[in-house]
Amino acid sequence: MADNKTKPTNLSVGVFIDALTDETRRADARALVKLMRRATGEKPKMWGPSIVGFGSHHYAYESGREGDVPLAGFSPRKAATVLYGVTGFGGAEALLARLGKHTTGKGCLYIKKLADVDREVLKAMLAASLGAVKQRRES
């Protein structure tokens, strides 16, 4: 079984964000750090070279694959900022319909800019997803 490639590192979140060349991505990254830090109660940490993560969650599949992932996180990429840990709950579709301009992938949410989405809906999605993780941990 292969190890996860994305693991926590000692790289600086601040240095990573400061190095973003796109001004909008840099501003959005700073805003997402504040939003996710408040929601999770965790300090940001780099996971691999390009994901800013908050907290961690251990998963294990019936296949035997297991590992750790951030409770929530994001990665500012060239085409879009990818958000992790915001869609993992029942009823996400209803909130996604109210979120604003976005696309989704397998477990990921893609936004071009934070101004394109309703931050209150994003906060609600993050809270619901974190609640679902907590509920799974307790069961």
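The values are calculated or read from the model by the stated rules, or taken from the named source; none is laboratory data. Values in this document were obtained by computation on a predicted structure and should not be read as measured data. So basically every Cβ, Gly included, is an ideal-geometry build from the backbone, and we count neighbours across all protein chains shown. Accessible surface areas use protein heavy atoms only, side chains included; no ligands, DNA or RNA. Shrake-Rupley method; radii C 1.70, N 1.55, O 1.52, S 1.80 Å.
Quote the relative contact order of region 37-98 in percent (integer), defining contacts as alpha-carbon pairs under 8 Å separated by 6+ residues.
Values: 78 pairs, mean separation 13.6, N = 62.
Here the relative contact order equals 22 percent.
Can you list the lysines whose alpha carbon is less than 20 Å from that of K112, not counting same-chain residues fewer than 8 positions off?
Result set, ordered by chain and number: K34, K78, K101, K123.
Can you pull the semi-axes for region 76-139, root of five times each eigenvalue of the Cα gyration tensor, sorted largest first, whole Å?
Semi-axis lengths for region 76-139 are 21, 13, 9 Å.
Given contacts defined as C-alpha pairs under 8 Å and at least six residues apart, what's the relative contact order of the chain, whole-number percent?
Computed value for the chain: 20 percent relative contact order.
Accessible area per residue, 1.4 Å probe, Å², for the chain: what's the number?
On a per-residue basis, the chain sits at 60 Å².
What FRET efficiency, computed as 1/(1 + (r/R0)^6) with R0 = 30 Å and r the Cβ-Cβ distance, is obtained for R26 and K123, rounded to the nearest 0.05?
With a Förster radius of 30 Å, E is 0.90.
Ignoring any ligand, DNA or RNA, what whole percent of the accessible area of region 10-139 comes from carbon and sulfur when the probe is 1.4 angstrom?
51
Could you order T21, T81 so the one with the most accessible surface comes first? Probe is 1.4 Å.
These residues rank, largest area first, as T21, T81.
Ignoring solvent entirely, what values of log10 I(q)/I(0) come out of the Debye formula for the chain at 0.11 Å⁻¹ when each Cα is a single scatterer?
-0.39
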